[in-house]
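In what follows, a single structure is set out as structure tokens and then discussed.
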Amino acid sequence: MIQPVELSLSSSEYELWRELIWQRSGLYFPEGRIRSLRQALEERRRFLQIKNYAEYYQRVVHSVEGAAEWKNLLDLLLNHETSFLRHQPSFEALSAYVLPQIIETRQKQGVEQLALWSAGCSSGQEAYSLAMAYLEYCAAVGFREALKPNLALQPGVSVFGSDISQRSLEKARAGRYRTHEVRFMPVHYRERYMARIEDGGATFYRVREEVRALLKFNTFNLSAPDGSWPAGQDVIFCQNVLIYFKPDSRKEAVERLCQRLNPGGYLFLSPAEIVGVKLAGMQQVRLADTLIYQRLD
């Protein structure tokens, strides 16, 4: 039995793991994040009762169990912190500025459907928040003034939520959250879009069917080849994701996100996530406490 003694991560081991993780996921662990990397490796090493990190590397890279073990490790490496309407200024900008403008534009073009994408949606709260924000807009102006509903449960919008964590996506598809996970949601949002469930003495909230019907969740890696990226998006939220990329990879990912927007579409980033970058064919939308770009061509 291996004793529960934490191992140090040598420089060579650190470089080996950092390169593997970057190549496979796009996540980058600079020296300031060595501790979080080592903690994830240590948790899996102990669980599997493996002697050292070199042996664990062989397990992940070369064994028949490697693919499944990589998923376990990746879940520990990711930051799963999220919440509904997490960055309030961005959602205020979406509701008050972006949706009215883009819906008016699409109406003039005869387009009756919007495509919204939450890139790096974790366990789904951001993606559901996009759908809820759209439904709130429709409720405020009346469906006839917004996009015409194609189906009773699909009032003119489709929302795509993507992440590299299979475990997070399973939770997102279920749309079921504990009480503390909805504590910052406005009361009227919770009452309108969530169903309260009592299960085994615990209270849960599940996103209502009419909201879940608008969403599709799937695995996607922002370092994937161009051909696999979803296109034709009107709004993309990519917040608190790119900070885990290398600076050059971060800029490349943003440029590729911009290319997936329809002309006139909007990209929402986290303030300070991308600083001083110039994006061809894009203009920054100057709204307080936000980082939003609109595609011009």
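The values are calculated or read from the model by the stated rules, or taken from the named source; none is laboratory data. Please read these numbers as outputs of a predicted model, since none were measured by experiment. Counting neighbours? That spans all protein chains shown, and the Cβs are built from the backbone with ideal geometry, glycine included.
Structural remarks
- Test: PHE47 is of a type outside the set (A, V, I, L, M) and under 30 Å from TYR205 (Cβ atoms): no
- Test for LEU257: is it free of Cβ contacts under 8 Å to residues at least 60 places away in the same chain and surrounded by 15 or more Cβ atoms within 10 Å (Cβ to Cβ): no
- Any hit, segment 95-108, residues being touching a helix residue (DSSP H, G or I) at 6+ places or on another chain (Cβ under 7 Å) and within 29 Å of ALA288 (Cβ to Cβ): yes
- Against the test of being hydroxyl-bearing (Ser, Thr, Tyr) and at pLDDT 95 or above, the options TYR134, TYR128 yield a single qualifying residue, TYR128.
- Among the helices (runs of 4 or more DSSP H) confined to segment 1-86, the ones with at least 2 residues that are within 30 Å of ARG183 (Cα to Cα) are located at 34-48, 66-77.
- Scanning segment 30-41 for residues that are crowded, with 18+ Cβ neighbours inside 10 Å and without any contact (Cβ under 8 Å) to a residue 40 or more places away in the chain returns ARG38, ALA40, LEU41.
- Condition check for SER118: in the same structural domain as PHE160 (by TED's automatic domain parsing) and touching a His at 6+ places or on another chain (Cβ under 8 Å): no
- Within segment 158-192, the residues that satisfy the criterion of being at pLDDT 90 or above, of a type outside the set (D, E, K, R) and over 13 Å from the mean Cα position of the chain (by Cα) are SER158, ALA174, GLY175, TYR177, THR179, HIS180, VAL182, MET185, PRO186, VAL187, HIS188, TYR189.
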